[in-house]
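Colleague: I have a structure here, written as structure tokens, and I will follow up with some questions on it.
The values are calculated or read from the model by the stated rules, or taken from the named source; none is laboratory data. Quick caveat: nothing in here was measured; it's all calculated off a predicted structure. Note that each Cβ is placed from the backbone with ideal geometry, even for glycine, and that neighbours are counted across all protein chains shown. We work out accessible area using only protein heavy atoms, side chains counted, and drop any ligands, DNA or RNA first. Shrake-Rupley method; radii C 1.70, N 1.55, O 1.52, S 1.80 Å.
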Amino acid sequence: MEKEITFVEGTDMHLEDEFCPEQSFSVEMETEENEIGSPKSEIQCFSSETGEGSNVVFSREAPLISKETRISGVCSCSTKKLKPRVVAMKSEIGNKDNFGQEKKLSRQDRIELGRMFQSAVSCHDWEPAESLILLADAQTLNDALCITLDSIWFLSTQQELDGITGLIKKIIANGAYDFTRAALRTSFLASCVSACQSQTMHLEDTVNVMAQRLKERLQECNGDEVLKAEASAKVQKFTEWALKCIGFHSRCQVNRDRVIQSSIAEVQLQLSAFKTFLDLAGNQLTGKDFTEAFDAACFPLTLFSSSFNPGWSSGISATAIQGLLGMLVEGGADNVNQCFLEASRFGSTELVRILLQIAHRNSLDVDVDLALGFASHYCKIGTMECLVEEGNAIAFLGPLMRASERGCMQVVQWFVKRGCRDMELCLALTAATSSSQVDVAGYLLPHVPQHVLAALSIEILKAAGERSGGSLDGVAFLLHSDFLGDPTATYAVADSIARSDDESVAPELKAFLRENWSEAAFLDGLKQGQEHYMNLVMILNWGRSPISLRHLPGPLRVAVAYLPLYRECAATGGRLFSQKQRGLLVEAVRKLGGGSSEDVSQGKELLAVLEHYLPQFLVHPRRMP
């Protein structure tokens with residue numbers, strides 16, 4: 001492949017989160033303390049070919065819901081219960097010595113405050129949520145910003161929009177500053193929400209689907225197997241967090257089995273909330289942040305690709321992610337083409353469609369021809385259709401040749417049916433021949449016009465021999481198939497290369513043709529046939545074996561002499577025998593009294609004559625019942 005695509009295209013995905021042991025359904029990550037003491041864990045991802053990659057960083061997840069809610073499986077919001085607890089929390093924190101202008105909550109206080117804040121936001125109980133904001137320190141404010149921003153993808157009324165945006169404004173006004181973390185995390189979650197709204201997606205199956213797809217992707221990557229296993233486990237854990245978050249909000253909306261389909265009006269409200277967040281963040285979000293958020297949003301869709309209904313990208317389910325990606329591009333994301341190539345390689349056809357639309361609306365260039373190469377390399381036929389029909393990809397030659405070299409019949413057939421130029425077909429035939437992909441060569445051969453084959457016959461054989469890698473089965477297949485449609489011409493081309501002084505001809509090819517397909521090989525076959533016959537005569541006349549050949553019936557004597565030659569020629573297939581085989585056949589038929597024709601077109605007739613003299617039970621043995 002001309003270019004390589006990294007596992008997570010050229011970005012550092014800082015998907016961070018603060019988790020609450022045993023009191024939130026977010027997934028605990030393995031963490032380590034960095035130089036400044038902030039918890040983090042890193043995943044080193046690998047490229048599919050070269051080993052270059054990017055760091056995907058997961059820190060710890062914000063608390064989302066209480067243990068009790070997890071066990072009951074439903075959203076258990078109660079304003080009457082929540083308000084007294086908020087008051088108690090105020091009193092407890094307010095009495096501590098370190099509570100003042102520079103608030104610094106203990107870990108247990110942050111866990112408890114975050115848990116109550118999550119409950120208040122989930123219940124749309126804005127008053128207790130605002131009260132808790134006033135108690136939060138800087139770290140907890142950042143957690144609260146993430147929690148609130150995550151909830152925008154589930155709001156459905158103008159009242160909810162006003163409440164959530166009001167909370168976001170207040171959180172930022174009170175000192176929340178980690179806009180990068182909030183943007184990346186919510187982009188990842190929004191992508192999962194859109195994917196799970198597909199009619200084929202069930203929450204209970206989604207984790208397994210995504211884990212399997214991630215495993216398949218990592219298998220295609222270079223790198224240490226232990227690191228790849230760690231990467232898979234950590235990405236899967238973060239995905240489980242996102243899906244549990246979706247499941248919780250779905251249960252709050254009285255739907256345990258599937259994410260409720262949002263209406264266009266609801267999607268517009270959700271996108272409006274995200275736009276408000278971007279406006280509030282202002283220049284605190286850099287172009288790099290938008291780029292990484294774009295990558296975070298695209299990543300889950302590549303793994304869910306096989307689970308989408310056809311046309312998902314044009315339905316309501318994809319409207320939110322389309323709007324999100326569009327806003328990220330407007331903010332400065334510059335990796336649309338990278339994500340486009342990755343989606344094509346992984347066969348995420350619906351994401352490819354979305355990215356094509358975004359590129360068109362924003363006048364961005366995406367490399368549809370390179371994307372076609374990636375899709376064809378991994379045999380993603382649906383994506384190839386999309387790239388040609390909707391992306392106007394026209395560069396068929398490279399992908400067709402590589403598919404021919406690999407023997408990928410499905411892709412070769414697809415390109416041929418789409419329509420290829422004569423020279424493209426000829427080069428693909430050469431590629432299949434050089435790699436000894438005889439099935440593909442056999443499929444392509446009838447599609448290459450005879451005048452093209454006649455004009456380029458020598459070059460085809462020379463190129464196939466030069467790139468053969470040690471096996472000349474493909475060259476033998478073309479010659480046996482009489483690829484020029486004229487036995488005299490086919491033999492002449494082979495003889496010409498065998499006798500050539502051209503140093504560009506591979507020595508192995510020249511030796512192979514000289515030994516089997518040249519005029520000299522035919523004469524050598526005649527000579528060997530004569531010597532073989534003389535040896536038989538000597539055995540008949542002077543042999544001292546207890547099994548005397550002269551006492552055998554005539555057909556059995558013929559079988560002893562020529563059955564190996566018959567079977568070798570019969571197993572060859574194709575229209576022509578090699579010149580050496582033809583010389584042996586001519587001499588065998590001549591000695592049996594069947595004539596002495598040396599016509600190059602009479603190979604099959606000679607074999608039929610030899611068969612006539614052989615015992616039929618050896619030529620056509622009966623199968624046991």
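Colleague: Run the simple label-point estimate for residue 138 and residue 272 please: 7 Å along Cα→C-beta, distance reported in nm.
Modeller: Calculated label separation equals 3.5 nm.
Colleague: Can you give the accessible area per residue of the range 445-556, in Å², using a 1.4 Å probe?
Modeller: Details: 6210 Å² over 112 residues.
Ligands and nucleic acids excluded, the result is 55 Å² per residue.
Colleague: Take the cross-link list 237/288; 104/288; 288/380; 170/234; 104/234 and give me the ones stretching past 28 Å between alpha-carbons. Can you show the working numbers first?
Modeller: On the way: 237/288 25 Å; 104/288 30 Å; 288/380 31 Å; 170/234 33 Å; 104/234 30 Å.
Too far apart for the 28 Å limit: 104/288; 288/380; 170/234; 104/234.
Colleague: Same structure again: With r defined as the distance between the Cβ atoms of residue 560 and residue 523 and R0 fixed at 22 Å, what FRET efficiency is calculated, to the nearest 0.05? Please report the intermediate quantities before stating the final value.
Modeller: Details: r = 26 Å, r/R0 = 1.17.
Once rounded, the FRET efficiency stands at 0.30.
Colleague: Given the Cα-Cα distance of residue 567 and residue 264 and 0.36 nm per residue of separation, how much length would full extension add, in nm? Can you show the working numbers first?
Modeller: Values: separation 303, 0.36 × 303 = 109.08 nm, distance 7.20 nm.
Length gained between residue 567 and residue 264: 101.9 nm.
Colleague: How would 534, 384, 409 rank on accessible area, largest to smallest, probe 1.4 Å?
Modeller: Listed by decreasing accessible area, they come as 534, 409, 384.
Colleague: Counting only protein heavy atoms and using a 1.4 Å probe, what share of the accessible area of the range 440-575 belongs to carbon plus sulfur, as a whole percent? Walk me through the numbers before you get to the answer.
Modeller: Details: 4110 of 7290 Å².
In the range 440-575, the share of accessible area belonging to carbon and sulfur is 56 percent.
Colleague: If you don't mind, there's one more thing I want to ask. Let's test the formula: R0 of 30 Å, r as the Cβ-Cβ distance of residue 225 and residue 410. What FRET efficiency results, to the nearest 0.05?
Modeller: Numbers: r = 30 Å, r/R0 = 1.00.
Here the calculated transfer efficiency is 0.50.
Colleague: May I pose another question? When the accessible area of the range 255-396 is computed with all protein chains present and a 1.4 Å probe, what percentage of it is carbon and sulfur?
Modeller: Details: 2470 of 5060 Å².
Taking all protein chains in place, the range 255-396 shows 49 percent carbon and sulfur surface.
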